[in-house]
Amino acid sequence: MEQILNPDSGDAAPAGDLIKDVTIDTFQQDVLEESMTTPVVVDFWASWCGPCKQLTPVLEKVVLAAKGAVKLVKIDIDQNQVLAQQMRVQSVPTVYAFSGGRPVDAFQGVQPESQVKAFVDKLAESVGTAQSDPVAEAIEQARESLAAEDFERAAAIFKQVVSHAPDNSDAMGGLARALVGMDHLEEAAEILSQVQEDQSDSADVAAAQAALDLANQSAAVGDLSGLEAAITANPSDHQARFDLAVGLFGAGRREDSIDHLVEIMKMDRAWNEEAARKQLIKFFDAMSPTDDATIAGRRKMSAVLFS
């Protein structure tokens, strides 16, 4: 298995290289000249400014998370009044973005972290210094392997991600889903048991849990030939058809399993408190939303529901 993640790829540059206190004497070097190669965010602040104390930590956090895509300098306006006047700073906090030796963007006042991040991302992207996210890229590769039902490759990639980001619920859910596909149900259950409760509603975790539940449910059905014979003898035997659908799903015959549940809905939509419809939803939760079988199955179910 090729190495998807570089062990050091998630390391940020040292904070001292990215965040500096700057004066009028060092402004030329640390802002104007530095911004010729790396964008610089300039934070004009004051010790007496309450909003500054809220904004500056957010700026520092976002800049550090950008991992060298931009730099941050902080300028105390009380100690650098001439510079503040030259930059027409009328209130604090005032934040400028410098690129190519000149200001290209700005905002005033406290902003939520999401807006600060958007400001920094826009600055980095405008000059091509935005950093890729190797974890996100690896997860996307693994999801593509899951969609192609290459469960071994998906599991290998997800394992790498989890080793670097053990709290990443998307990776945990994806790994569990891949293990279910490999029929390693106990391992999948163990992975899901490690997911934090506040992350259990992650789409990947929910899909993995649905897949695990269905795999256990399918395994309990047992031999399918008796169920097929029962349906042949009595097409209205909904329970036998329902059990057969569950078993077929576990055997990988998803289209057939969906068709059997749709058939129950056609004959008696309300049977067993709409068990067929509810089971179809479980199937779709466990399948890829872009899977042809999922799309076709949802269309069939909708045709019955709205007929």
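Worth pointing out:
- Selection from Ala118, Met87, Gly100, by position along the positive dipole direction of segment 69-145 (Cβ): Met87
- Eligible lysines near Lys117 by straight Cα distance, threshold 26 Å, same-chain separation 8 or greater: Lys20, Lys53, Lys61, Lys67, Lys71, Lys74
- Accessible surface of the chain, 1.4 Å probe, proportion on carbon and sulfur as whole %: 48
- 0 to 90° range, to nearest 10: angle between helix 238-250 axis and the chain longest Cα axis: 50
- Among Ser307, Ala230, Ala219 - extreme Cα towards positive end, dipole of segment 154-307, charges at beta-carbon: Ser307
- Computed FRET value (nearest 0.05) for Asp183 with Ile24, which takes r as the C-beta separation and R₀ as 45 Å: 0.10
- Principal-axis analysis of the Cα atoms of the chain puts helix 203-219 at an angle of about 20° to the longest axis.
- Placing +1 on the Cβ of every Lys and Arg and -1 on the Cβ of every Asp and Glu, with no other charges, gives segment 33-141 a dipole of roughly 280 debye about its Cα centre.
- Size of electric dipole in the chain: Cβ of Lys, Arg +1 and of Asp, Glu -1, about Cα centre, debye, nearest 20: 1000
- Taking the helices alone, the chain has a mean residue ellipticity at 222 nm of -17500 deg cm²/dmol, built from -39,500 (n - 2.57) per DSSP H run of at least 4 residues and averaged over all its residues.
- Segment 151-292 - accessible surface per residue (Å², probe 1.4 Å): 49
- Here segment 78-166 has an Rg and Dmax of 21.0, 64 Å, counting Cα atoms alone.
- Calculated FRET efficiency for the pair Asn234/Asp150, C-beta based, R₀ 51 Å, to 0.05: 0.80
The values are calculated or read from the model by the stated rules, or taken from the named source; none is laboratory data. Quick caveat, the model's predicted, so the values are computed rather than measured. All Cβ positions, even for glycine, are placed from backbone atoms using ideal geometry, and neighbour counts span all protein chains on display. In case anyone asks, the SASA skips ligands and DNA or RNA and just uses the protein heavy atoms, side chains included. Shrake-Rupley method; radii C 1.70, N 1.55, O 1.52, S 1.80 Å.
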